[in-house]
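The values are calculated or read from the model by the stated rules, or taken from the named source; none is laboratory data. These numbers were taken from a predicted model, which means no experiment stands behind them. Here the Cβ positions follow ideal geometry from the backbone for every residue, glycine too, while neighbour counts run over all protein chains shown. Ligands, DNA and RNA are excluded from the accessible area calculation, which covers all protein heavy atoms including side chains. Shrake-Rupley method; radii C 1.70, N 1.55, O 1.52, S 1.80 Å.
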Amino acid sequence: MRDAQPQAIRLADYQPSAFSISSVTLDFDLYDERTFVKSTLNLAREGGKDVPLVLDGQELKLLSLSVDGRELNSDEYSLDPDSLTISNVPDHFELQILTEIHPETNTSLEGLYRSRTMFCTQCEAEGFRKITYYLDRPDVMSVFTVSITADSERYPVLLSNGNQIEAAPLENGRHRVVWHDPHKKPAYLFALVAGDLAHIEDSFTTASGDAVTLRIFVEPKDLNKCDFAMDALKRSMRWDEEVYGREYDLELFNIVAVDDFNMGAMENKSLNIFNTSAVLASPDVTTDQGYQRVEAIVAHEYFHNWSGNRVTCRDWFQLSLKEGFTVFRDSQFSSDMGSAAVKRIEDVTLLRTAQFAEDAGPMSHPVRPDSFIEISNFYTLTVYEKGAEVVRMLHTLLGPELFRKGSDLYFDRHDGQAVTCDDFVAAMEAVSGIDLTQFKRWYSQSGTPVVRATGSYDAEKKRYSLTLSQSCPPTPGQSVKQPFDIPVLMGLVGSRGNLSFALVDTASEQRSDTEALLRLTQAEQTFEFDDVEEQPVPALFRGFSAPVRIQADWSIDDLQRLITSEEDGFLRWDALQTLALLAVDEAISGREKAALSALIASIQAMLEQDGDRAVLATSLILPSENYIAEVHSQSQGADPIAIHTARESVKASLATALIDHFEVLANITIEGAYAPEGAAIAERALRLTALDYLRFVQPDKAADIAISLLEKSDNLTDRLGALRTLGAVGGKRAEVAFDAFYRRFADEPLVVNQWFQIQAMNPYGDALARVTRLLAHPAYDNLNPNKIRSVVGAFCSANPVQFHASSGQGYALLADVVIDLNKKNPQIAARLLAPLTKWRNYPNYAQRMKVELERIAAQENLSKDVFEVVSKSLAS
Ligand code: PHE
Ligand code: ZN
């Protein structure tokens, strides 16, 4: 352990900055073996007279420091590893700082660093302090002018935020470009890129008639993979005008693709920097899901221009202010662009599988955390996905028109400001008159609420009473919870379809003959419905109207009624999932197969109807092993090996019972050249899912189809699906196919990553041995986050049966990787750790998992990132 333990930072300690910075000029002088940064700041005192100036700074070599043109002596300031303090400064002054930094050895991918042939930056959340001394906090906003000097031949393209205002060749083969961004911004939105980049260009005319030039910069080899992102960008810009009335505010919008990136992408003002995996797309390197991810991330970063940049966060505890809202916006965009039903199912699946698990584990925190040791650890599913659900609940409570008025007011009131989640809610309150005081507990209380439902029907009075009760389990730092304000969008299902009713309660709202929005605000409430013609099954949380766990003792008949007769597609799918969970539980306990028979009958009925093909494809997919484990960990604890075996047996039963359907579907032909569009996406998904069932009954036939797909298909979706099937069937043919595939796509890193990933995720055979081989593969790179995620991340978090098997060797492998990365890239090291932190969910495996956590905890020089995750997950 380190001697001085890292300290937590608390929301309650927030203080406005003692100084403001009206303008900043940065001069970068880039060389291969060092970079000089000259920063000129115009500072003004905002707080008390004798408050010293304390600037953040890490890993910087200070070369000189002057105030109003006078160089300071070393006794006029003090330095420590995280800051520079100048005790006596005037009320208004110019500070000039010259520092030397080393991007060429910066493997943390934070601050200024090198990715392959280029220089690039990542400053959110606290990376700017690795570039120069600064007030590195989001509520200090300033106007930036940036000059970049570098070798003309190797770095012909020099980019920063805003508009290019100067460009000139210099002596010695160098050149200099100057950028000016007229919008005030916090340092975390600063960006710089230098490289030998190619670009595509397009243009967009805003609703007000202003022309915007759009460019996507990539390494020249990737120039043929930019068109889809450009199209997605233009669609996002139009959509934000139409749905939120938000226009773009500069003449230029740039995107740059870089191969070494910790996250998906970053919304730097007018210079978005993207992980290549989140922007490049072509049928050979991108699956259908990959296309949808590119579209969603391009939109997400673009939408941040308003929700994040024009209106930013006061402090990092407010991160969900920009992230939750922006995820909500990008999910609305994606549902408008594709299948809304499938998008909702995917979002809820992610939330329930991973966010619920996070919220039930040792890192559980509120959407607005009250403390952190390292803010990088709080770019979480809770802040992003649960945060988006909180915004979605506001949308449900207000309805679309009032919600739009609220967002207009929010953007209007706070344009150019750094604000809080309270300000967002206040705008929604102001336009609607709805009291959201209690609702705000969604921001401050962690943990997933549990809602229990029971009902009773009085046939004589035709009255149905529904009793809902809520509770929320204790989470770290919060042993007792207050009731949440929970919007329950619901209906009642009779034997032949939805029933009309008259809601008696007045605090809630009847939205149609067959739909009500109940407001569950107390620990327990009973809602009465009149004019109900028969005993109903309640259909609760339509569209998943609140991020809660629902406990109702549905019988198999109730579930079947929901599956066949409920009007909300999400709840039909959800009931089918519940049935599948019951079938898995039956298989684990060896009980009678009642749920399994019902599941087979329901899926058979769906296969025989001619409904939405995208929904059908999604409905054929059983709950994942991780999701089942999450559900089990709420009661008896999870056993990943038993879960795998049981789920496989349910799959095999389905395959056997419905083999004729699967054989037909596995052989469908899809007309036309590849296009990542709705109908074709659904057909490909159906074909591959059917193939995955077919292999249970006729493995050789499935392998034949897979090999022919590999040979004939024109796209990566089919090829990877085929490889996955072959990997599952195993044998010599599979080996040959994997080798041939690698040789064919060895030049495409994004394809190699996915080739790594399906091998690491393959639950059959000896995955540990496979992963060990992949880690030694020449294409593996232990500093590239995409590669690490494709192998180590995929194995540890998406192959539970193999990660937990192998008598703890999977845990040891993960611990070794984390220890190696701890200093090299602390953010990635801490993120990879998540699966080990869930040791309490696996009673029979916990001891071995803990041993590895303790081994990590015992290392010297733990980064703050890893220290926080390890120490919280071991705390009792
Ligand atoms: N702000 C980025 C996004 O959500 C995510 C990010 C955070 C990227 C930190 C890099 C570092 O769009
Ligand atoms: Zn974001």
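Annotations for the structure displayed:
- Relative packing of peptides 617-623, 381-387 - highest average C-beta neighbours within 10 Å first: 381-387, 617-623
- Label-point separation, D531 to D612 (7 Å along Cα→Cβ), nm: 2.9
- The angle separating the long axis of helix 749-761 from the principal Cα axis of greatest extent in the chain is about 40 degrees.
- For the chain, the longest principal axis of the C-alpha atoms and the axis of helix 569-589 are separated by about 70°.
- Cα-based shape type of the range 225-366, given that a ≥ b ≥ c are square roots of the gyration tensor eigenvalues and the cut on a/c is 1.5: rounded
- Cα shape, the range 743-846, gyration tensor, a/c 1.5 rule: oblate
- Once C-alpha pairs closer than 8 Å and six or more residues apart are averaged by separation and normalised to the residue number of the range 107-191, the relative contact order reads 34 percent.
- Of all lysines in the structure, those lying under 17 Å Cα to Cα from K225, and not within fewer than 8 positions of it along the same chain, are K234.
- Mean Cβ neighbour count within 10 Å, used as a protection proxy, ranking 752-760, 776-784, 254-262 highest first: 254-262, 752-760, 776-784
- Surface composition of the range 237-383: carbon and sulfur atoms hold 50% of the protein heavy-atom accessible area at a 1.4 Å probe.
- Solvent exposure of the chain amounts to 38 Å² per residue of accessible area, where only protein heavy atoms count and the probe is 1.4 Å.
- Overall dimensions of the chain as given by Cα atoms, namely Rg and Dmax in Å: 27.9, 95
- Straight-line cross-link reach from K787 at under 13 Å between alpha-carbon atoms covers these aspartates and glutamates, not counting any fewer than eight positions away in the same chain: D259, D260, E748.
- In the chain, the longest principal axis of the Cα atoms and the axis of helix 864-874 are about 30 degrees apart.
- Cα gyration tensor, the range 101-225 - rounded (a/c under 1.5), prolate or oblate: rounded
- Mean separation of Cα contacts under 8 Å, 6 or more apart, over the residue count of the range 567-707: relative contact order %: 25
- With contacts taken as Cα pairs under 8 Å at a separation of at least 6 residues, the chain carries a relative contact order of 9 percent.
- DSSP-defined antiparallel bridges as percent of all bridges, the range 228-369, nearest 5: 25
- Burial ranking of peptide ranges 60-70, 688-698 (average Cβ count within 10 Å, highest at the top): 688-698, 60-70
- Taking the 1.4 Å solvent-accessible surface of the range 493-612 as the whole, the part contributed by carbon and sulfur is 43%.
- DSSP finds beta bridges in the chain, and of those with both partners inside it, around 80 percent are antiparallel.
- Percent of beta bridges antiparallel (DSSP, the range 433-589, rounded to nearest 5): 90
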